[in-house]
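Asker: Quick one: this structure, given as C-alpha coordinates, is what I'll be asking you about.
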Amino acid sequence: MEEYEHYGLSTKCVLTLIHELKNNGYLLTTDNFYISPEVAKILLKYKTDVIGTARGNRKGLPAEFKTLKLKKGEIKAFQKGKIMVLQWRDKKTLTMLSTIHNAELVSVESRKSTTKQKPKVVVDYNRSMGGVDKSDQCLSYYPSTRSRQRKYYKKIFRHLLDQAVWNAFVVYMKNGGDLKHVAFRMKLIERLCEEGRGLPSSKVPKSIENVARLTGRHFPSL
(Lines give C-alpha, C1' and ligand atoms only; values in the text may rest on other atoms or scores of the structure.)
Protein backbone atom coordinates (compact mmCIF):
# COMPACT_ATOMS: atom_id res chain seq x y z
CA MET A 1 0.00 0.00 0.00
CA GLU A 2 1.26 3.47 -0.87
CA GLU A 3 1.07 4.84 2.68
CA TYR A 4 3.61 2.21 3.82
CA GLU A 5 6.04 2.43 0.88
CA HIS A 6 8.61 4.47 2.83
CA TYR A 7 9.10 1.66 5.37
CA GLY A 8 11.49 -1.27 5.05
CA LEU A 9 10.31 -4.60 3.61
CA SER A 10 9.51 -6.39 6.89
CA THR A 11 7.74 -3.38 8.42
CA LYS A 12 5.79 -2.79 5.21
CA CYS A 13 4.64 -6.44 5.12
CA VAL A 14 3.33 -6.30 8.69
CA LEU A 15 1.49 -3.00 8.26
CA THR A 16 -0.05 -4.08 4.96
CA LEU A 17 -1.33 -7.38 6.36
CA ILE A 18 -2.91 -5.85 9.47
CA HIS A 19 -4.26 -2.76 7.69
CA GLU A 20 -7.91 -3.77 8.10
CA LEU A 21 -7.37 -4.86 11.73
CA LYS A 22 -5.78 -1.69 13.12
CA ASN A 23 -7.18 0.10 16.17
CA ASN A 24 -9.11 -2.95 17.38
CA GLY A 25 -6.85 -4.06 20.23
CA TYR A 26 -5.50 -7.21 18.56
CA LEU A 27 -2.33 -9.06 19.56
CA LEU A 28 0.01 -9.96 16.69
CA THR A 29 2.40 -12.90 17.00
CA THR A 30 5.30 -13.05 14.55
CA ASP A 31 8.78 -14.45 14.04
CA ASN A 32 12.16 -12.76 13.95
CA PHE A 33 12.06 -11.62 10.31
CA TYR A 34 9.20 -9.19 10.91
CA ILE A 35 9.61 -7.97 14.48
CA SER A 36 11.70 -5.01 15.60
CA PRO A 37 11.37 -2.10 18.04
CA GLU A 38 10.34 0.06 15.07
CA VAL A 39 7.45 -2.27 14.21
CA ALA A 40 6.40 -2.44 17.87
CA LYS A 41 6.28 1.36 18.19
CA ILE A 42 4.20 1.73 15.03
CA LEU A 43 1.78 -1.03 16.04
CA LEU A 44 1.25 0.55 19.46
CA LYS A 45 0.14 3.74 17.70
CA TYR A 46 -2.53 1.62 16.02
CA LYS A 47 -3.62 0.07 19.36
CA THR A 48 -2.11 -3.28 18.36
CA ASP A 49 0.22 -5.30 20.60
CA VAL A 50 2.93 -7.64 19.36
CA ILE A 51 4.95 -10.58 20.62
CA GLY A 52 7.66 -12.54 18.86
CA THR A 53 11.19 -13.85 18.62
CA ALA A 54 13.77 -11.28 17.55
CA ARG A 55 17.25 -11.21 16.11
CA GLY A 56 19.83 -10.14 18.65
CA ASN A 57 21.47 -7.73 16.22
CA ARG A 58 18.26 -5.95 15.20
CA LYS A 59 18.50 -2.17 14.99
CA GLY A 60 17.03 -0.62 18.11
CA LEU A 61 17.80 -3.53 20.44
CA PRO A 62 20.33 -3.07 23.27
CA ALA A 63 23.90 -3.28 21.94
CA GLU A 64 24.67 -5.59 24.86
CA PHE A 65 22.60 -8.34 23.21
CA LYS A 66 25.22 -8.74 20.47
CA THR A 67 27.95 -9.85 22.90
CA LEU A 68 25.98 -11.10 25.90
CA LYS A 69 26.96 -14.59 27.04
CA LEU A 70 24.37 -16.13 29.33
CA LYS A 71 24.53 -19.41 31.20
CA LYS A 72 21.64 -21.86 30.87
CA GLY A 73 18.59 -20.53 32.69
CA GLU A 74 19.90 -16.95 32.94
CA ILE A 75 17.87 -14.01 31.67
CA LYS A 76 18.61 -10.39 30.78
CA ALA A 77 15.76 -7.95 30.12
CA PHE A 78 15.24 -4.30 29.24
CA GLN A 79 12.01 -2.32 29.16
CA LYS A 80 11.14 1.06 27.67
CA GLY A 81 7.52 2.08 27.95
CA LYS A 82 5.41 -0.89 26.87
CA ILE A 83 8.20 -2.48 24.83
CA MET A 84 10.11 -5.23 26.65
CA VAL A 85 13.04 -7.14 25.16
CA LEU A 86 14.90 -10.00 26.79
CA GLN A 87 17.43 -12.71 26.16
CA TRP A 88 17.09 -16.08 27.83
CA ARG A 89 19.45 -19.02 27.62
CA ASP A 90 18.02 -22.52 27.30
CA LYS A 91 19.66 -24.89 24.81
CA LYS A 92 20.59 -21.74 22.92
CA THR A 93 20.10 -18.02 23.42
CA LEU A 94 16.60 -16.80 22.59
CA THR A 95 15.76 -13.13 22.05
CA MET A 96 12.14 -12.02 22.58
CA LEU A 97 10.22 -8.77 22.14
CA SER A 98 6.78 -8.06 23.58
CA THR A 99 4.49 -5.13 24.32
CA ILE A 100 2.38 -7.04 26.88
CA HIS A 101 4.98 -8.84 29.01
CA ASN A 102 7.67 -8.17 31.56
CA ALA A 103 10.52 -10.47 32.61
CA GLU A 104 8.23 -12.68 34.72
CA LEU A 105 9.23 -16.35 35.04
CA VAL A 106 6.71 -19.20 35.29
CA SER A 107 7.08 -22.87 36.21
CA VAL A 108 6.69 -25.28 33.30
CA GLU A 109 6.69 -29.08 33.38
CA SER A 110 9.18 -30.59 30.95
CA ARG A 111 8.96 -33.89 29.07
CA LYS A 112 10.99 -35.62 31.79
CA SER A 113 8.32 -34.68 34.38
CA THR A 114 10.61 -32.12 35.94
CA THR A 115 9.74 -28.48 36.53
CA LYS A 116 11.82 -25.59 35.24
CA GLN A 117 11.49 -21.82 35.01
CA LYS A 118 10.72 -20.13 31.70
CA PRO A 119 9.96 -16.51 30.82
CA LYS A 120 6.19 -16.13 30.47
CA VAL A 121 6.73 -14.38 27.14
CA VAL A 122 8.33 -17.59 25.78
CA VAL A 123 5.49 -19.77 27.07
CA ASP A 124 2.82 -17.51 25.55
CA TYR A 125 4.69 -17.27 22.25
CA ASN A 126 5.00 -21.06 21.97
CA ARG A 127 1.31 -21.46 22.74
CA SER A 128 0.35 -18.93 20.07
CA MET A 129 2.76 -20.10 17.36
CA GLY A 130 2.49 -23.82 18.09
CA GLY A 131 0.47 -24.63 14.96
CA VAL A 132 2.88 -22.86 12.62
CA ASP A 133 5.97 -24.37 14.26
CA LYS A 134 4.38 -27.84 14.20
CA SER A 135 3.68 -27.52 10.48
CA ASP A 136 7.23 -26.34 9.71
CA GLN A 137 8.70 -29.13 11.81
CA CYS A 138 6.66 -31.90 10.15
CA LEU A 139 7.32 -30.55 6.65
CA SER A 140 11.04 -30.65 7.36
CA TYR A 141 10.85 -34.44 8.01
CA TYR A 142 9.73 -35.36 4.47
CA PRO A 143 10.65 -32.45 2.18
CA SER A 144 10.05 -32.78 -1.55
CA THR A 145 12.23 -29.73 -2.22
CA ARG A 146 15.85 -30.28 -3.17
CA SER A 147 18.57 -28.29 -1.43
CA ARG A 148 20.39 -27.75 -4.74
CA GLN A 149 17.29 -26.91 -6.76
CA ARG A 150 18.22 -23.84 -8.83
CA LYS A 151 14.84 -23.03 -10.35
CA TYR A 152 13.03 -20.94 -7.75
CA TYR A 153 9.59 -21.67 -9.21
CA LYS A 154 10.19 -25.40 -8.77
CA LYS A 155 11.06 -24.80 -5.12
CA ILE A 156 7.85 -22.83 -4.67
CA PHE A 157 5.79 -25.55 -6.39
CA ARG A 158 7.32 -28.32 -4.29
CA HIS A 159 6.81 -26.36 -1.07
CA LEU A 160 3.15 -25.71 -1.94
CA LEU A 161 2.76 -29.41 -2.70
CA ASP A 162 4.22 -30.30 0.72
CA GLN A 163 1.92 -27.80 2.40
CA ALA A 164 -1.14 -29.18 0.57
CA VAL A 165 -0.31 -32.72 1.72
CA TRP A 166 0.15 -31.52 5.30
CA ASN A 167 -3.17 -29.63 5.21
CA ALA A 168 -4.88 -32.77 3.90
CA PHE A 169 -3.35 -34.77 6.76
CA VAL A 170 -4.65 -32.25 9.32
CA VAL A 171 -8.18 -32.51 7.86
CA TYR A 172 -7.86 -36.32 7.86
CA MET A 173 -6.95 -36.33 11.57
CA LYS A 174 -9.78 -33.89 12.39
CA ASN A 175 -12.19 -36.43 10.89
CA GLY A 176 -11.00 -39.30 13.07
CA GLY A 177 -8.06 -40.61 11.04
CA ASP A 178 -5.57 -42.85 12.84
CA LEU A 179 -2.63 -43.08 10.42
CA LYS A 180 0.72 -41.53 11.25
CA HIS A 181 1.97 -38.72 9.02
CA VAL A 182 4.40 -40.88 7.03
CA ALA A 183 1.79 -43.66 6.63
CA PHE A 184 -0.73 -41.10 5.38
CA ARG A 185 1.76 -39.83 2.79
CA MET A 186 2.48 -43.38 1.59
CA LYS A 187 -1.23 -44.16 1.31
CA LEU A 188 -1.75 -40.95 -0.66
CA ILE A 189 1.05 -41.89 -3.07
CA GLU A 190 -0.46 -45.37 -3.56
CA ARG A 191 -3.89 -43.91 -4.35
CA LEU A 192 -2.45 -41.40 -6.81
CA CYS A 193 -0.56 -44.21 -8.57
CA GLU A 194 -3.76 -46.29 -8.77
CA GLU A 195 -5.65 -43.35 -10.27
CA GLY A 196 -2.90 -42.87 -12.83
CA ARG A 197 -3.08 -46.49 -14.07
CA GLY A 198 -6.65 -46.10 -15.27
CA LEU A 199 -6.06 -43.03 -17.41
CA PRO A 200 -6.13 -43.45 -21.19
CA SER A 201 -2.82 -43.10 -22.97
CA SER A 202 -2.19 -39.79 -24.68
CA LYS A 203 0.15 -41.40 -27.22
CA VAL A 204 -1.16 -42.02 -30.75
CA PRO A 205 -0.72 -45.68 -31.89
CA LYS A 206 1.98 -46.06 -34.51
CA SER A 207 0.01 -48.37 -36.82
CA ILE A 208 -3.06 -46.47 -37.96
CA GLU A 209 -4.71 -47.52 -41.22
CA ASN A 210 -5.74 -45.00 -43.85
CA VAL A 211 -3.73 -42.12 -42.44
CA ALA A 212 -5.00 -38.97 -44.16
CA ARG A 213 -1.56 -37.61 -44.91
CA LEU A 214 -0.67 -40.77 -46.84
CA THR A 215 -3.90 -41.36 -48.76
CA GLY A 216 -5.34 -37.90 -49.24
CA ARG A 217 -4.69 -35.38 -52.00
CA HIS A 218 -1.98 -32.88 -51.14
CA PHE A 219 -2.47 -30.50 -54.05
CA PRO A 220 -5.50 -28.37 -54.81
CA SER A 221 -7.57 -29.17 -57.89
CA LEU A 222 -7.19 -26.62 -60.68
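The values are calculated or read from the model by the stated rules, or taken from the named source; none is laboratory data. Just so it is clear, the structure is predicted and the values come from calculations on it, not from any experiment. Counting neighbours? That spans all protein chains shown, and the Cβs are built from the backbone with ideal geometry, glycine included.
Asker: Conditions first: (1) at pLDDT 90 or above; (2) in contact with a helix residue (DSSP H, G or I) (Cβ under 9 Å, 6 or more places away or on another chain); (3) not aromatic (Phe, Trp, Tyr). Lys45 passes all but one, so which condition is the exception?
Answerer: (2)
Asker: Another question, then. Residues in region 152-182 that are hydroxyl-bearing (Ser, Thr, Tyr) and more than 17 Å from Leu192 (Cβ to Cβ): how many?
Answerer: Adding up the residues that qualify gives 2.
Asker: Same structure, new question: Just name the residue that is farthest from the chain's Cα centre (by Cα) out of those in region 1-25 that are of a type in the set (A, V, I, L, M, F, W, C) and either more than 21 Å from His101 (Cβ to Cβ) or part of a helix (DSSP H, G or I) (or both).
Answerer: My answer is Met1.
Asker: Only one of (1) at pLDDT 90 or above; (2) farther than 19 Å from Ser128 by Cβ; (3) touching a Lys or Arg at 6+ places or on another chain (Cβ under 9 Å); (4) exposed (fewer than 14 other Cβ atoms within 10 Å of the Cβ) is not met by Pro62, so which one is it?
Answerer: The number of the failed condition is (4).
Asker: Mind listing whichever residues of region 81-100 are of a type in the set (Gly, Ala, Ser) and modelled with pLDDT of 95 or more?
Answerer: Across region 81-100, the qualifying residue is only Ser98.
Asker: Given the criteria among the polar types (S, T, N, Q) and closer than 15 Å to Lys82 by Cα, does Thr53 qualify?
Answerer: Answer is no for this residue.
Asker: Quick check on region 166-184: of everything there that is assigned to a loop (DSSP other than H, G, I, E, B) and of a type in the set (D, E, K, R), which residue is farthest from Pro143 (Cα to Cα)?
Answerer: Asp178
Asker: With the requirement that a residue be exposed (fewer than 14 other Cβ atoms within 10 Å of the Cβ) and assigned to a strand (DSSP E or B), what does region 77-96 give you?
Answerer: Selection gives Gln79, Lys80.
Asker: Output the residues belonging to region 101-133 that are basic (Lys, Arg), at pLDDT 85 or above and loosely packed, with under 12 Cβ neighbours inside 10 Å.
Answerer: Of everything in region 101-133, just one residue is basic (Lys, Arg), at pLDDT 85 or above and loosely packed, with under 12 Cβ neighbours inside 10 Å, namely Arg127.
Asker: Let me ask something else. Can you pull out every residue in region 26-60 that is more than 21 Å from the chain's Cα centre (by Cα), part of a loop (DSSP other than H, G, I, E, B) and in contact (Cβ under 8 Å) with a residue 24 or more places away in the chain?
Answerer: So in region 26-60, the residues more than 21 Å from the chain's Cα centre (by Cα) come out as 37-38, 41-48, 57, 59-60.
Among the residues that remain, those that are also part of a loop (DSSP other than H, G, I, E, B) are: 46-48, 57, 59-60.
Matches in region 26-60: Tyr46, Lys47, Thr48, Gly60.
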